[in-house]
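Below is one structure, written out as structure tokens; comments come after it.
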Amino acid sequence: MLVTNDLTRDGRLKIIQDTEYGSYTLDSLLLADFVKLTRRTEYAVDLCAGNGPIGMLLADKKQNLKVEVVEIQEQLSKITADSISLNGLQDRVTAHNRDLKGISNELGKNKYHVVTVNPPYFKVTEDANINPNKAVAMARHELTVTLEDIVKESSSLLDNIGTINFVFRPQRLDELVILLNKYGFTMKRIKFVYPKIGKDCNTILVEAKRGKSDNQMIIEPPFIVYEDNNEYTEATNKILNY
């Protein structure tokens, strides 16, 4: 069933969602907030775009930014295109329904300043708990794309100082760092996200830059989602009020 929700609390942006495909999560909002858009940032690509929240939020964040959103699932790509039109962003945000592998041949190599990715978090293993809903399974598990596919393609999309920005799981940070180094990236920033103070980190936000960097990696202050009373923290409410 299709539903239309507020993507921003003030209703400035709307998002169409299909309940059979799941909904966007706080992870998307965290990543959109984490990404640094500078004066030179004119072109961005959002990979594994789902129903497109990150691409639309980035376009809202910088008014002259052009964003390509890439999603392999046809229904999600279709409703992303509808959301883009609903928000009047069709001149700056374009939805592409296709496999991200090789997308640089279509969109252009070494052209983009920023890539964002909210990828499938889990590998497919013998004991993997794969959701019976295929659409949800594709979003959570690496059924159609791997972490290496994403990093490799991003290295082709980005210009020589472009950045790739991930929201990911800390359990795979070592693997992510190895792949970023393999494809010519240098870690720039990392932020650890915790559900509550005293709980283990369950999400990371990572920015890496193509090529060598003279600057040391910055570890940003931790982000806490909930207070002890299960209310959102001030930081979380700021994100939700995007």
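Counting heavy atoms of the protein chains alone, PHE185 has an accessible area of about 10 Å² for a 1.4 Å probe.
For the range 45-140, GluC sites (Glu not before Pro) meeting the loop criterion (DSSP other than H, G, I, E, B) and having at most 15 other Cβ atoms within 10 Å: GLU126. Rolling a 1.4 Å probe over the protein heavy atoms gives the range 19-88 an accessible area of 39 Å² per residue.
For the chain, relative contact order (Cα pairs under 8 Å, six or more residues apart, normalised by length) works out to 17 percent. Rounded to the nearest 5, the antiparallel percentage of DSSP beta bridges internal to the range 151-230 is 80%.
Solvent exposure of LYS196, expressed as accessible area, is near 50 Å², computed with a probe of 1.4 Å over the protein chains only. Along the axis of the charge dipole computed for the chain (Cβ charges of +1 for Lys and Arg, -1 for Asp and Glu, origin at the Cα centre), the listed residues LEU173, GLN75, ASN129 are led at the positive end by LEU173. Annotation: the antiparallel percentage among DSSP beta bridges lying fully within the chain is about 45. The dipole here belongs to the range 1-128: it is taken about the Cα centre, uses +1 on the Cβ of Lys and Arg and -1 on the Cβ of Asp and Glu, and is about 760 debye. Share of the chain's accessible area from carbon and sulfur, percent, 1.4 Å? For the chain, the apolar C and S fraction of the accessible surface comes to 48 percent. Directionally averaged projected area (the range 67-194, Cα convex hull): 9.1 nm².
Distances longer than 29 Å among the Cα atoms of the chain: what percent of all pairs is that? Looking at the chain, the distances longer than 29 Å represent 25 percent of pairs. The aspartates and glutamates whose alpha-carbon is closer than 14 Å to the alpha-carbon of LYS196, local same-chain residues fewer than 8 away aside, are GLU227, ASP228, GLU231, GLU234.
Given a 1.4 Å probe and the protein chains as shown, THR144 ends up with an accessible area of around 50 Å². The simple Förster model, with R0 at 45 Å and r as the Cβ-Cβ distance, assigns LYS14 and MET217 a FRET efficiency of 0.75. For the residues MET1, MET187, MET56, a 1.4 Å probe over the protein chains yields an accessible-area ranking, largest first, of MET1, MET187, MET56. Only Lys, Arg, Asp and Glu carry charge here, each on its Cβ (+1 for the first two, -1 for the last two); on that basis the chain has a dipole of about 820 debye about its Cα centre. Solvent-accessible area per residue in the range 132-242 equals 53 Å², computed with a 1.4 angstrom probe and all protein chains kept. Among LYS199, LYS36, LYS101, whose mean-square fluctuation peaks in a Gaussian network model of the chain (Cα, cutoff 10 Å)? Comparing LYS199, LYS36, LYS101 in a Gaussian network model of the chain, the most mobile one is LYS199.
The values are calculated or read from the model by the stated rules, or taken from the named source; none is laboratory data. Just so we're clear, the structure is a prediction, and the values are computed from it rather than from any experiment. In this analysis, Cβ positions are derived from the backbone assuming ideal geometry, glycine residues included, and neighbour counts consider all displayed protein chains. With ligands, DNA and RNA removed, areas are computed over all heavy atoms of the protein, side chains included. Shrake-Rupley method; radii C 1.70, N 1.55, O 1.52, S 1.80 Å.
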